[in-house]
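The values are calculated or read from the model by the stated rules, or taken from the named source; none is laboratory data. Predicted model only: the values in this text are computed from it and were never measured. Note that each Cβ is placed from the backbone with ideal geometry, even for glycine, and that neighbours are counted across all protein chains shown.
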Amino acid sequence: MASQEIALTANTAPGTSLVDRLHRLVATVDHKELGLMYIGTALIFLVVAGLMAVAIRLQLAIPNNTLLEPEVFNRFFTMHGTAMVFLVGMPIIAGLGNYLVPLMIGTRDMAFPRLNAFGYWMFVFGALLLYFSYLGAPGLNGHGSAPDVGWFAYAPLTGRAFSRGHSTDYWILSLLLTSVGSTVSAINVVATTLTLRCRGMKLMRMPLFVWMMLVTNFMIILALPSLSAAQIMLLIDRYLGGHFFDTQSGGSAVLWQHFFWIFGHPEVYILIIPGFACLSEIIPVFSRKPIFGYPVMVGATTMIAFISFGVWAHHMFTVGMTSVGNTFFAVSTMLVGVPTGIKIFNWLGTIYGGKIRLDLPMIFCLGFLFQFLIAGLTGVMLAVTPFDWQLSDSYFVVAHFHYVLIGGLLYALFAGFYYWYPKAVGRLLNRKLGLWHFWLFTIGFHLTFDTMHFSGLLGMPRRIFTYDVGRGWEMLNLIGSVGAIFQAVGVLCLAINILRSLRHGKVAGNDPWDAWTLEWATTSPPPIYNFESAPVVRSRRPLWDLKHPEDPDWKYEEAGSGEN
Amino acid sequence: MRLRLYRHRKMLRALLFFAFALICVVFAGPVEPVFGNTDGVTSIFRPLSQPAQEIKELSLLVLAICGAIFVVVAGLLVYAIVRFRHRAGDEASEPPQVYGSNQIELAWTVLPLLIVFVLILVTSRTIADIQNRQAPPSAVHATVIGHQWWWEIRYPELGIVTANELHVPTTDGGESRPTFIKLQSADVAHSFWVPLLAGKTDLVPNRENLMWIAPTRPGIYLGNCAEYCGTQHARMLIRVVVQPPDEFQQWVRDQQQSAAIGTSSAEGRKTFFATSCVNCHTISGTAAQGQFGPDLTHLMSRTTLAAGAAPNTPESLRKWIRDPQSIKVGSLMPNMQLTDAEVDQVVAYLQTLK
């Protein structure tokens, strides 16, 4: 990926020697370069954390396997989860937002370009610190290495009595740093969206992508402090003699869970809403119709954001809450399914009556729709508290959230890559390799995660490094592990495609998909100033208006603003 | 253009075929273990006790509702994709530009709300039913305390302390005799999960949780710790031994006995009491009153060692005492560096603890 960033930089920067390029890399404040750097770095961690997942699957392929020692396995799943959420999901979203939001709202850069660079470098520093734990964390008697407490790091396993050495400290400090990065980047996107829109772009004329990025970044600002505060309290426990979570001195283990999930559940929506954002741009273009029910989509997104702050304890149904507490969180969790369902229906409504072009971005979107539907429905099952008493912390949950984050988010991001890559690079990704990527990855995805639902129903708890013969888990786990190989090869196809198409892809032109939002009005890749003159828009689809002067959107929007 | 169209049709056919193959391979395979009556399999869909039975009934209802939603929505999706796929000549014009419809939006807001309403009613009823159950006078009371990585099991009213194997009586048709279990933790968070009997409940330090089971069929029910608790989370297995009332009574009487003092193993006994074993383990009626490890008073009445990590045979007991790490990496039981002869003696002594 580094080569991609550098190559891109070369298009816009005057100096082309290696030193000039590297200097440009560290000194840049351009939102497009930072956006690509975010995405490139995240993709590297996607590969690293993905390989850890492959190792985990290999260990679980057969019962009583001894490929990985228990400690190594525990570090792997902790690092896999932590890296995928904080070093892959969050930065890819920041990258997409950085790259696309200014282009979509017709402005030249983010509101705070230098803050933007600061956010990126904080993220890189935090990410490196997390992986440096392998070298830096060992303490007295060799205790400690990479974090091994699980990505939600339940107290009091993280206390000094149970987590010796410095693994937990690395976990805390690296995430505090990436959280600072995420927060400033979120503030930047919100400020940019609210203040730098081009003339005519009212809030209700913004592309849905921008709307959803706005909402998701608001959520980042509101959710992350809960995690950071809890982590600082944990540091106080570990080093300053505090007893917040230290149960041996009267602290509360459940308090940590509340703090964590008040962050953790909105976090799930923070991750998936950008997926919705990609879909809401791509599906209309490839169905050749405007998004169905734009204002409802905006409303549903906002509703999701609000409700998602009131559902956190559905991660804690087994912790022994009262029946009233359990019922409350079951109700709020089911309610969040309603706006989510509305979105799926609206995408369906967009497809319905269209002329669907099955190009790569659209194929991944269709994969998303089916898989996210299943993910949503298993989510409803988990919201039914008594059902959750059986399913919680089992492989069913693992299957559910991988369906959300891979079958949902990652498919949407893949769709986004195929869709916007030509804009960023000027060349299209290869269709044949893309299809290989789709099929291999989809087959692998289903082999791995469909089977996990069943091993969960059969009583297999998550985070176990091995299991015995005889409880019906063997075949399911073996199929799941084979699936992991398919997925890895699929991602390899994507990597080859990304690198190869940099030089050999078909030249894209400004607007390869015949799309409607402002980023397609400028060159591919866009010049450093994005637009020669500030655009003026009159509707939600400015390029449609341009291409169809006989039937522009603004006519409809101005006439029927009350209709909708 | 022709080529493009052909590609799309092929793609669609491939998609449909793939979906069908997927359903056959991945979904049909596990149906037997999940819903069938396979031995040893702990499927939550064939429970043998309350409250797991009640949870299953609710779960099947939820599954049916979700399945119906899936069929309808996925069916609509497939229909829309096939019906409105790109065809020859589609380039000529754009489809009609439809921006939305208030009536339709209202419909697909209200319909899910109604479904949610139904789900909330059945859910809250089941929650209250299970959680607010009061213990009848006949109930057995047990306390399970989670340790890294084993289960301490106490019956305060019966004066029994054991480990890793929870014995409970069956519930006879006439007389309901559930077991109410207090859950506590000595160190980090754990979770007690025996899928055939009940949903899981966490064992949280500094907190007391309560759950209950009322199994009807004798047998051995397997379960795991379901909350990640450190290195050997995977090897923290539970066995619930459900016995007919008279067998259970016999077990209670046996457990209430003090440890047998055999003469055949005096050497081993001496070694045991001369090393630090006694600091962690209790053998009732002796000077060994340690609290950190499992109670060994009736060690031989249990079928496994180290929370299910090994069968309770003389060979594995020997291996376990010589080097606990060789059976359970990370185990907190130290290697006492005994000689082979000493290990044999201690094993001989422990085998008298019936």
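Please work out if residue B:59 is at the interface with chain A (Cβ under 7 Å from one of its Cβ atoms), in a helix (DSSP H, G or I), under 30 Å from residue A:327 (Cα atoms) and of a type in the set (Gly, Ala, Ser).
Working: at the interface with chain A (Cβ under 7 Å from one of its Cβ atoms): yes; in a helix (DSSP H, G or I): yes; under 30 Å from residue A:327 (Cα atoms): yes; of a type in the set (Gly, Ala, Ser): yes.
Yes: the conditions hold for residue B:59.
Checked against (1) touching a residue at least 40 places away in the same chain (Cβ under 8 Å); (2) in contact with a Phe, Trp or Tyr (Cβ under 8 Å, 6 or more places away or on another chain); (3) of a type outside the set (D, E, K, R), residue B:264 meets all criteria but (2).
Of the residues in segment A:160-168, at least one is part of a helix (DSSP H, G or I) and within 14 Å of chain B (Cβ to nearest Cβ). Of all the numbered requirements in (1) in contact with a helix residue (DSSP H, G or I) (Cβ under 8 Å, 6 or more places away or on another chain); (2) surrounded by fewer than 20 Cβ atoms within 10 Å (Cβ to Cβ); (3) among the aliphatic types (A, V, I, L, M); (4) farther than 16 Å from residue A:161 by Cβ, residue A:255 misses one, and that requirement is (1).
Given the conditions (1) within 27 Å of residue B:91 (Cα to Cα); (2) at the interface with chain B (Cβ under 10 Å from one of its Cβ atoms); (3) in contact (Cβ under 8 Å) with a residue 40 or more places away in the chain, report the number of the one that residue A:366 does not fulfil. Here residue A:366 meets the rest and fails (3).
For segment A:238-253, state whether one or more residues are within 14 Å of chain B (Cβ to nearest Cβ), farther than 23 Å from residue B:205 by Cα, out of contact with any Lys or Arg (no Cβ under 6 Å at 6 or more places or on another chain) and outside any loop (DSSP other than H, G, I, E, B).
Quick first cut of segment A:238-253, residues within 14 Å of chain B (Cβ to nearest Cβ) only: A:243-253.
From what's left, farther than 23 Å from residue B:205 by Cα: none.
The answer is no, given that none of the residues of segment A:238-253 is within 14 Å of chain B (Cβ to nearest Cβ), farther than 23 Å from residue B:205 by Cα, out of contact with any Lys or Arg (no Cβ under 6 Å at 6 or more places or on another chain) and outside any loop (DSSP other than H, G, I, E, B).
Summed over segment B:181-210, residues that are under 13 Å from residue B:49 (Cβ atoms) and more than 10 Å from every other protein chain (Cβ to nearest Cβ) total 2. Of all residue pairs spaced 6 or more apart or on separate chains, those with beta-carbon atoms under 8 Å, a first member in segment A:188-199 that is more than 16 Å from residue A:211 (Cβ to Cβ) and a second member that is crowded, with 17+ Cβ neighbours inside 10 Å and hydrophobic (A, V, I, L, M, F, W, C) are A:188/A:110; A:188/A:111; A:188/A:112; A:199/A:537.
Just name the residue that is nearest to residue B:343 (Cα to Cα) out of those in segment B:231-270 that are part of a helix (DSSP H, G or I) and within 14 Å of chain A (Cβ to nearest Cβ).
First, pick out the residues of segment B:231-270 that are part of a helix (DSSP H, G or I): B:233-235, B:245-256, B:266-270.
Restricting the remaining residues to those that are within 14 Å of chain A (Cβ to nearest Cβ) gives B:233-235.
On the way: B:233: 27, B:234: 27, B:235: 24 Å.
Taking the candidates together, the pick is B:235.
Has segment A:340-348 got any residue that is crowded, with 22+ Cβ neighbours inside 10 Å, facing chain B (nearest Cβ under 7 Å) and aromatic (Phe, Trp, Tyr)? Yes, the conditions are met somewhere in segment A:340-348.
Search segment B:67-101 for residues being among the polar types (S, T, N, Q) and more than 7 Å from chain A (Cβ to nearest Cβ), and hand back the single one that is surrounded by the most Cβ atoms within 10 Å (Cβ to Cβ). Quick ask: steps written out before the conclusion?
Initially, segment B:67-101 is screened for residues among the polar types (S, T, N, Q), giving B:93, B:97, B:101.
Now narrow it down to the ones that are more than 7 Å from chain A (Cβ to nearest Cβ): B:93, B:101.
Working: B:93: 9, B:101: 15.
Per the criteria, the residue is B:101.
Of all the residues in segment B:28-56, those that are facing chain A (nearest Cβ under 7 Å) and under 19 Å from residue B:16 (Cα atoms) number 0. The one condition from (1) buried (at least 23 other Cβ atoms within 10 Å of the Cβ); (2) part of a helix (DSSP H, G or I) that residue A:289 does not meet is (2).
Kindly evaluate residue A:457 against the criterion of being within 14 Å of chain B (Cβ to nearest Cβ), buried (at least 18 other Cβ atoms within 10 Å of the Cβ), touching a Gly at 6+ places or on another chain (Cβ under 7 Å) and not basic (Lys, Arg). It is false that residue A:457 is within 14 Å of chain B (Cβ to nearest Cβ), buried (at least 18 other Cβ atoms within 10 Å of the Cβ), touching a Gly at 6+ places or on another chain (Cβ under 7 Å) and not basic (Lys, Arg).
As a summary of the residue check, residue B:213 satisfies the conditions (1) touching a Lys or Arg at 6+ places or on another chain (Cβ under 6 Å); (2) more than 11 Å from chain A (Cβ to nearest Cβ) except for the one numbered (1).
Under the condition of being aliphatic (A, V, I, L, M), more than 7 Å from every other protein chain (Cβ to nearest Cβ) and in contact with a helix residue (DSSP H, G or I) (Cβ under 8 Å, 6 or more places away or on another chain), which residue from segment B:105-131 is surrounded by the fewest Cβ atoms within 10 Å (Cβ to Cβ)?
First pass over segment B:105-131, keeping only residues aliphatic (A, V, I, L, M): B:106-107, B:110-111, B:113-116, B:118-122, B:127-128, B:130.
Still in the list and also more than 7 Å from every other protein chain (Cβ to nearest Cβ): B:106-107, B:110-111, B:114-115, B:118, B:121-122.
Now drop any that are not in contact with a helix residue (DSSP H, G or I) (Cβ under 8 Å, 6 or more places away or on another chain), which leaves B:115, B:118, B:122.
Details: B:115: 19, B:118: 11, B:122: 16.
Taking the candidates together, the pick is B:118.
Evaluation of residue B:166 against the conditions (1) at pLDDT below 90; (2) part of a strand (DSSP E or B) shows that the sole unmet condition is (1).
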